1. Take chain A, connect every pair of alpha-carbon atoms lying under 10 Å apart with a spring to form a Gaussian network, then pick out the residue of A:Phe241, A:Phe70, A:Phe33 with the largest mean-square fluctuation.
2. Mind checking A:303-310 for the average number of partner chain beta-carbons within 10 Å of each residue's beta-carbon?
3. In the calculated pair distance distribution of the stretch A:98-237, what percentage of Cα-Cα distances lie above 24 Å?
4. Between C:Ala120 and C:Leu65, what FRET efficiency follows from the Cβ-Cβ distance if R0 is 35 Å, with the result rounded to 0.05?
5. Equivalent-ellipsoid semi-axes (√(5λ), Cα gyration tensor) for the stretch A:1-113, whole Å, largest first?
6. Treating cross-link reach as a plain straight distance, find the aspartates and glutamates whose alpha-carbon is under 13 Å from the alpha-carbon of B:Lys78, omitting any fewer than eight places away in the same chain.
7. Going by average Cβ neighbours within 10 Å, how do the peptides C:43-51, B:196-204, B:121-129, A:153-161 rank, with the highest at the top?
8. Pick out the long, greasy-scoring helices in chain A: whole DSSP H runs spanning 18 Å or more along their own axis by Cα, mean Kyte-Doolittle at least 0.0.
Amino acid sequence: MHPHISTFYLASVRVRAAELLPWIVALAAFFLFPDFLSLGARILIYILLVLSLDLVIGYAGIVTLGHAAFFGIGAYTAGILSAHFGIKDPLLQLAAAGTVACLVGFGTGLYVLRTSGLTLIMLTLAISALCLEVANKATSWTGGADGLSGVTIAPILGYFRFDLWGKTAYLYSLAVLFVVWWLVRTLLNSPFGASLAGIRDNRTRMEGIGALVNRRLVQVYSISAGIAGLAGALLTQTNQFVGLNALGFELSGEILVMLVLGGVGRLYGAFIGTAAYLIAQDQLAKKFPEDWYLGVGILLVGVTMFARGGLLGALDSLTARLRRALKL
Amino acid sequence: MTPALEVKGLCRSFGALIVADHIDFQLERGARHALIGPNGAGKSTFVNLLAGRLRPDAGRILLDGQDITRLSAAHRVKRGIGRTFQTNTLFRHLAVLDNVALAIAERMGVSGQLFRAASAHQEVIEEARALLTMLNLMALEKTVVRDLPYGQQRLVEIAIALGLRPRVLILDEPAAGVPSHESYLIFDAISQMPADIAILFIEHDMDLVFRFARRITVLASGAILMEGTPKEVESDRKVREIYLGESRG
Amino acid sequence: MLLSEIVSVLFHGAAYGTILYVISVGLSVTMGLMGFANLAHGVFAMAGGYTLTTLMGWYGVPFPLALLAAFVGTAVIGLILERLLYSRLYDAGELVQVLLCIGLIFIAVALARIGFGAQAQRVALPGYLQGQVSILGRDFIAYRVFIIIFSALLITALWIVIERTRWGAIVRAAVDNGRMAQSIGINTAMVFTLTFMLGSGLAGLGGALGVDLLSVQPTYPFEYLIYFLIVVALGGLGTVRGPFFAALLIGIGDTACKYWVPEFGSFFVFLAVTVILGLRPKGLFGTRA
Ligand SMILES: Nc1ncnc2c1ncn2[C@@H]1O[C@H](COP(=O)(O)OP(=O)(O)OP(=O)(O)O)[C@@H](O)[C@H]1O
Ligand SMILES: [Mg+2]
């Protein structure tokens with residue numbers, strides 16, 4: 001499933017030209033598709049979320065089914081701050097949402113990551129079901145099944161208002177995504193990133209060189225939860241609304257699909273998979289909602305059977321094959 | 001002087017099978033100590049108990065006089081116990097240099113660093129290269145471990161342990177599975193290690209044992225049968241009967 | 001007053017619990033046997049539910065026959081899916097297995113919606129199972145009494161099969177030590193397939209039996225998945241007895257919570273599960289990891 005990066009200590013960390021591509025595309029899309037900016041913002045936000053999922057699944061090797069919980073926690077934090085406490089500054093909300101999600105990630109991580117395999121999957125699922133039930137029943141805080149409305153957001157830095165066309169939302173999300181991408185990229189190239197690869201490769205060996213494996217997993221888990229929380233806050237701010245579906249098992253499943261579609265453990269898999277999924281969904285799901293889910297299901301089964309590297313993996317093997325063909 | 005490692009009354013069983021039976025054992029500072037015994041005697045189990053991979057049912061383990069019985073494997077490494085595994089336990093998908101660098105970074109305490117690239121940590125890389133040079137692996141630094149022949153993988157196993165700069169080094173059949181002409185290379189590397197490291201090694205080849213060990217412990221059915229200098233062990237009737245007699249036909 | 005409430009909670013909880021058990025027991029055994037976390041197990045239960053409602057509602061098939069059809073039909077679906085998909089992923093790592101299951105869930109949800117619409121299916125029970133029966137001076141819903149009795153018989157039969165027959169012995173041996181079983185000449189692939197089939201069939205039967213407890217609708221596999229998994233996780237993998245007690249506990253616990261503290265919904269059940277699993281990763285009644 002995962003591609004294997006073979007060296008960290010001998011790797012060059014300079015930004016390759018191809019790595020600029022997503023940002024060029026994102027900026028170009030801003031000017032080329034002014035009518036689709038709210039979809040665009042949604043894509044950027046979900047990329048952020050899927051990126052955080054990749055950190056946990058792809059890089060730390062923790063299979064979780066409860067990742068949406070952190071997204072939801074971030075979303076509700078931002079929403080509740082605005083609706084109940086009158087804190088409407090978006091950056092403040094963002095910081096708060098990231099912090100709260102990170103802390104919850106830390107607490108649950110300490111608890112959950114002592115286990116492994118099926119128990120771990122179960123625990124992540126149970127905890128996210130717990131969060132969902134809290135959001136569902138604590139109606140005076142969250143609005144329950146009707147969702148939390150009455151969320152208003154002040155202009156960013158007191159100046160950039162969230163406009164009807166989603167221009168501000170788009171650029172704001174893009175900026176947050178860019179910063180997080182840079183941090184994640186740095187982290188993955190660091191000794192910390194190398195040790196994550198070590199844990200995934202051989203946990204026994206990692207313990208045998210004195211690594212406190214569990215502590216490190218809790219660290220990634222909290223970082224990832226924090227990022228998911230940021231994404232949740234962005235969603236609240238751009239929609240001015242939070243619903244229960246920001247927390248559900250279905251969302252956890254869907255983001256897993258996006259990640260797998262793009263390619264697990266590839267950093268840019270999150271970008272490609274999410275964009276492809278959400279654009280296709282936008283085009284198809286409204287017209288053929290049932291067929292859409294059927295298609296996604298079939299696609300997923302197909303991926304597990306035939307294309308475990310996702311789109312980027314397919315691209316890799318294609319270029320490898322081309323290269324071999326050209327040499328011959 | 002307190003011994004580097006001391007074991008008192010160590011017991012462990014798997015179900016009804018007793019694999020460590022009240023073992024008392026001492027490893028002196030700077031020791032070159034061999035642990036021998038027939039297959040299934042409990043040698044690897046003993047190593048796993050020392051290294052913290054297994055919990056003893058009873059008994060105590062002291063490192064430099066301090067009780068480490070309850071410490072996890074990782075914490076024992078931090079206290080200075082390094083070990084190799086009988087079957088290669090390596091980062092198979094990583095380059096040779098990274099295998100060693102991970103251990104060194106862990107020892108130096110830089111492996112938790114998030115914001116500087118691994119490749120910018122020159123101190124780690126230089127030390128790793130020095131080790132690889134010593135073990136004749138320098139030309140292979142970029143090779144992925146999985147692609148190495150078995151004998152060289154054994155060397156990487158040793159390089160990782162050395163990268164930890166242990167005070168006590170435990171080698172579980174370091175030359176296992178290596179063709180005999182190559183096993184000397186491995187033992188040459190071991191014999192060049194700093195004199196103050198206490199080394200305990202398991203080995204089946206008696207020529208190697210008699211050549212490199214200054215002390216030998218014989219384990220049979222989880223209990224210590226005898227301990228002494230190579231001369232004493234070689235001349236012991238019991239050992240000849242149940243162990244040397246067997247292996248030398 | 002309180003006593004009658006307790007009796008009522010115990011009664012409904014027991015009916016709910018036995019249904020959960022019949023559905024989940026196959027999941028427990030397959031997980032223990034093949035180490036495969038079949039998150040799509042609810043799909044089989046849903047398929048059983050639809051089989052029953054369709055056969056009875058549209059074709060007027062009598063209830064007992066429809067139950068039988070739900071069992072056989074889902075067992076066959078299980079057979080096909082195991083041979084075609086699951087069996088190829090036994091060694092493939094958790095992530096891939098999880099993905100396959102999510103894919104299957106998506107497909108099943110979509111197919112159910114296309115075939116039957118989004119609303120829950122209703123079914124008219126046969127006359128002899130409608131109404132109330134009076135036991136020791138109390139009235140109980142007849143159908144739930146039937147569920148409890150039928151499941152009890154089924155469970156007894158199942159335990160006899162597992163513990164007294166040759167096949168049961170083989171399954172237990174394979175759960176304990178797959179490689180050993182293989183090395184003494186047991187065709188483990190065959191054991192896997194048969195077990196999977198039986199587990200799926202039981203899930204279908206449970207889904208059919210439980211039509212009025214777990215409503216048959218397209219989101220079924222998502223909605224109840226957590227309950228099935230909880231039963232298995234608490235019960236301990238690879239056993240047939242553990243999940244029984246776990247299912248009863250959850251059935252009664254969930255019913256009690258919804259009866260006495262409805263404002264908290266399933267909160268306490270999930271909380272209890274989280275705590276228990278964290279403290280006892282092998283489950284309450286399990287001995288194996
Ligand atoms: N995890 C375990 N569970 C059950 N039995 C075990 C386990 N590990 C080892 N054993 C058994 O304990 C006994 C001792 O094993 P151990 O590996 O310590 O022997 P050894 O002396 O290292 O043998 P060898 O020379 O073959 O490496 C063997 O009979 C082995 O089968
Ligand atoms: Mg051994």
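The values are calculated or read from the model by the stated rules, or taken from the named source; none is laboratory data. Computed from a predicted structure; not experimentally measured. Counting neighbours? That spans all protein chains shown, and the Cβs are built from the backbone with ideal geometry, glycine included. For accessibility, only protein heavy atoms count, side chains too; no ligands or nucleic acids. Shrake-Rupley method; radii C 1.70, N 1.55, O 1.52, S 1.80 Å.
1. Of A:Phe241, A:Phe70, A:Phe33, the most mobile in the Gaussian network model is A:Phe33.
2. Per-residue shielding by partner chains comes out at 4.
3. The calculated P(r) of the stretch A:98-237 puts 48 percent of pairs beyond 24 Å.
4. Result of the calculation: an efficiency of 0.95.
5. After scaling each eigenvalue by five and taking roots: 28, 25, 13 Å.
6. A:Glu207, B:Glu106
7. C:43-51, B:196-204, B:121-129, A:153-161
8. Helices passing the filter in chain A: A:17-32, A:37-54, A:68-85, A:90-112, A:117-137, A:167-189, A:213-239, A:249-262, A:269-284, A:289-306, A:310-327.
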